[in-house]
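The values are calculated or read from the model by the stated rules, or taken from the named source; none is laboratory data. All values derive from a computational prediction rather than experimental measurement. Using ideal geometry, Cβ is built from the backbone for each residue, glycine included, and neighbour counts are taken over all protein chains shown.
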Amino acid sequence: MINIIFWFFVIMTIAAALTVVLSKNLIYAAVALLVTFIGVAAMYVFLWADFMVGIQVMIYIGGILILLLFGIMLTTKITSVRISHTNVQRGVGALIVTAIFIGLVWMINISPWLQNISQEPQQTVHSIGTLLMTDFLLPFEVVSVLLLGALIGAAVLARKES
Amino acid sequence: MDILQVYLTLAAILFSLGLFAIITRRNAIAVLMGIELILNAANLNFIAFARFGGMNFSGHIFALFVIVLAAAEVAVALAIIINLYQNFNSINVDEAQQLKQ
């Protein structure tokens, strides 16, 4: 049963990602991106990362995707300009990407991965919080400054000059 | 599903598709979507290695930072794209060759 659910989510993720890449309608691509994010969140569930599932759903689906949808709606006139946007140079792109993908899969299959199967942890939030406040305190603070910079930068850039 | 290679292969597929979007898409927002796919593939790798490396939580922290950076990147990129649209009335990345009119 759990295997069926796992493979269902894998296939759903791949199909949605294909739609993101190939769809001519940008709104469809954005909705397919939502399904892809949900599929990746489901993969996190199978990888015992429950806190990351929450973060993925809140920030990616609740934040980034909404921003992208706003971007689509602010930059395309639905009534006058065509909303569809096709791809260019599909053949060359597919060739390069397939070569890279085959190389990646070959590398994944010949490498002797260390698989250290451990017990499922009781909780993950406690460990993540402890690590953030001890080993990763400096990156944590630097990232907060970066977020402030991105906030001000985005506001200044998007503002209309009067 | 207790095999590391399955997750790595799925991440490789997401990475390849994101790269394809970046190479072939003409719309700047669709290119951004490709970048998001690539960042998700990286996150999936981080968390898969965290799980199969003896439940090491450093991988989760790295994925957390990647998500934060993705949010900042999307906000600034969309601000730039909206500016581009106001100046050129188009967000085709092939046509955008100057920052000023």
- Among A:45, A:40, which is more than 9 Å from every other protein chain (Cβ to nearest Cβ) and under 20 Å from residue B:51 (Cα atoms)? A:45
- Message: Testing residue B:31 on (1) more than 10 Å from the chain's Cα centre (by Cα); (2) hydrophobic (A, V, I, L, M, F, W, C); (3) within 18 Å of residue A:94 (Cα to Cα), one condition comes back false. Which one is that?
- Response: (1)
- Message: Tally up the residues in the stretch B:7-40 that are surrounded by fewer than 24 Cβ atoms within 10 Å (Cβ to Cβ), closer than 22 Å to residue A:51 by Cβ and more than 7 Å from chain A (Cβ to nearest Cβ), please.
- Response: 1
- Those residues that are hydrophobic (A, V, I, L, M, F, W, C) and modelled with pLDDT under 90, I need them from the stretch B:1-22; list them, please. B:1, B:3, B:4
- Evaluate the following for residue A:102: is it surrounded by 12 or more Cβ atoms within 10 Å (Cβ to Cβ), modelled with pLDDT of 90 or more and more than 7 Å from chain B (Cβ to nearest Cβ)? yes
- Quickly run through the stretch A:85-135 and pick out the residues that are under 23 Å from the mean Cα position of the chain (by Cα), of a type in the set (S, T, N, Q) and within 21 Å of residue B:13 (Cβ to Cβ). A:87, A:98
- Would you kindly identify the helices (runs of 4 or more DSSP H) lying entirely within the stretch A:1-80 that contain at least 1 residues that are surrounded by fewer than 18 Cβ atoms within 10 Å (Cβ to Cβ), among the aromatic types (Phe, Trp, Tyr) and over 13 Å from the mean Cα position of the chain (by Cα)? A:2-22, A:26-46, A:65-75
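Residue check: is residue A:141 touching a residue at least 12 places away in the same chain (Cβ under 8 Å) and loosely packed, with under 11 Cβ neighbours inside 10 Å? Before you say what the answer is, go through the steps one by one.
Values: touching a residue at least 12 places away in the same chain (Cβ under 8 Å): no; loosely packed, with under 11 Cβ neighbours inside 10 Å: yes.
Criteria not met by residue A:141.
In the stretch B:52-68, how many residues are without any contact (Cβ under 8 Å) to a residue 24 or more places away in the chain and part of a helix (DSSP H, G or I)?
Residues flagged as without any contact (Cβ under 8 Å) to a residue 24 or more places away in the chain and part of a helix (DSSP H, G or I) within the stretch B:52-68 amount to 9.
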- Note on the structure: Taking the stretch B:41-69 and keeping only residues that are over 14 Å from residue A:60 (Cα atoms) and at the interface with another protein chain (Cβ under 8 Å from one of its Cβ atoms), one is left with B:47, B:48, B:50, B:51, B:52, B:53, B:54, B:55, B:57, B:58, B:60, B:61
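On the given criteria, is residue A:87 within 7 Å of chain B (Cβ to nearest Cβ), modelled with pLDDT under 85 and over 27 Å from residue B:76 (Cβ atoms)?
In short, no.
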